[in-house]
Amino acid sequence: MVNIANVLSSFKENPGYVAMRGLARFPMVRNVVSSARGALNYRAFQPFLQNCEKRMDQSFFKDVDRRIFINELNRDGLAFGLMLPDATLKEIRNYAINTPVYADRKPNMGFFYREREDAEAKIGKPILVAQYFNARKDCGAISKLVNDPFLEWVAAMYLGSVPTFVGCNLWWTSPVQASDEDKDKHAHFYHRDVDDFRFFKYFFYITDVKEDEGAHICVRASISNPPVIKKGDQWNIRRYTDSEINGYYPADDILEITGRAGTGFAEDTLCIHKGSTPKTEPRLLLQIQYALFDYGTMNDDRNPAELSLV
Ligand SMILES: O=C(O)CCC(=O)C(=O)O
Ligand SMILES: [Fe+2]
């Protein structure tokens, strides 16, 4: 059931975002708005691509075939084959070790990740997800990655417009017995994201992610084939159970994405996807998101004065 009071209060806070969430669930509206944005932008589009190409030999991913990558992303809503250099991984890990992270993404619940058990005792529950704030501003390797010409070129081609960087997020997912409420809050049930009329995310594993150890799970090509199980599901934005998804899609298309530290991929998370809870080893993930418009909802920018430890 839609809670009208909640919708009205969110509308007051961020009308553009709430309107987009209402409209972007309809494929025709997504197409019309994306084409219009592309048309308005067309003068800037080719120079943007050329600028990326000019800088391409500085890219971390200059050896990846970008045309194959974008074709894969267009076909499946998913594209694989990125790998971060060791030095970048090391810098992000150092940042993560030496910077407080925030339980449940709450600015007043900071702790150092090595002290997670102490923080759990103080909070009185297991911490499934803890996220850093201001990571791009405070970690040089992340800010360099956000401006990587390969990532920007693919973003422009996928969006059909000069891309808008809307945020990066770096977070730990820990091997805990989490409540269903926390699993729901932290996207551990199958869902589709409606973050804009057109958008996508890069995912980079900063720790090794083996089977059953917190892999991201995505249904290949489900962007053009949403699960219609209940009436209205083609437009509904809801959580799905594992058995609904396992019963709807061929097992071959439900991908548990594993990889060693540094592994990266692009995903349009309008595809059906979810996070999974690791059995024994925590997962550190960096996500970088590009879209047509910035509603201010996807970034990790927080006023440092408002951050505190538990
Ligand atoms: O933690 C994960 O792998 C899932 C996150 C997710 O749903 C998202 O980034 O849209
Ligand atoms: Fe999601």
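Taking every protein chain into account, the 1.4 Å probe leaves Trp171 with about 30 Å² of accessible area, to the nearest ten.
If you bin all the Cα-Cα distances of the chain at 10 Å, starting from zero, the percentages per bin are 6, 25, 36, 26, 7, 0. If R0 equals 35 Å, the separation of the Cβ atoms of Ala221 and Glu181 corresponds to a calculated FRET efficiency of about 0.65. Modelled this way, with points 7 Å down the Cα-to-C-beta line, the labels at Glu244 and Lys122 are 3.8 nm from one another. Comparing Arg220, Arg30, Arg136 in a Gaussian network model of the chain where C-alpha atoms under 10 Å apart are linked, the largest mean-square fluctuation is found at Arg30. In terms of distances greater than 24 angstrom between alpha carbons, the cross-link table entries Lys185/Lys279; Lys230/Lys274; Lys106/Lys137; Lys62/Lys210 yield Lys62/Lys210. Here the label points at Glu256 and Lys230, each 7 Å from Cα along the C-beta direction, are separated by 2.7 nm in the simple model. Across the stretch 149-162, rounded Karplus estimates of 3J(HN,Hα) from the backbone phi angles (6.51 cos²θ - 1.76 cosθ + 1.60, θ = phi - 60°) give x, 5, 4, 6, 4, 4, 4, 4, 5, 5, 7, x, 7, 4 Hz, Gly and Pro being marked x. The spacing between the stretch 88-164 and the stretch 182-212, judged by their C-alpha centroids, is 14 Å.
Given a Förster distance of 51 angstrom, what is the FRET efficiency for Leu309 paired with Phe11, based on the Cβ-Cβ distance and rounded to 0.05?
0.90
Summing +1 for each Lys or Arg and -1 for each Asp or Glu among the other residues whose beta-carbon sits under 11 angstrom from that of Lys230 gives 0. Expressed as a whole percent, the accessible surface of the chain that belongs to carbon and sulfur atoms is 53, based on a 1.4 Å probe.
Over the chain, dividing the summed -39,500 (n - 2.57) contributions of all DSSP H runs of at least 4 residues by the number of residues returns a 222 nm mean residue ellipticity of -10500 deg cm²/dmol. Estimated at 0.36 nm per residue, the fully extended path between Glu53 and Lys137 surpasses their Cα-Cα distance by 27.7 nm. In the elastic network of the chain, a GNM with C-alpha springs shorter than 10 Å, the most mobile of Arg93, Arg105, Arg43 is Arg43.
Once the 1.4 Å probe is applied to the protein heavy atoms, the stretch 4-306 comes out at 47 Å² accessible per residue.
When the chain is treated as a GNM with alpha-carbon contacts under 10 Å, the residue of Ser35, Ser243, Ser179 showing the greatest mean-square fluctuation is Ser243. Per-residue extension of 0.36 nm, minus the Cα-Cα distance of Asp301 and Asp104, leaves a gain of 69.4 nm for this segment.
The values are calculated or read from the model by the stated rules, or taken from the named source; none is laboratory data. What you see is a predicted model; the values in this text were computed from it and never measured. Please note: Cβ atoms are built from the backbone with ideal geometry, for glycine as well, and neighbour counts cover all protein chains shown. SASA here: full protein model, heavy atoms, side chains in, ligands and nucleic acids out. Shrake-Rupley method; radii C 1.70, N 1.55, O 1.52, S 1.80 Å.
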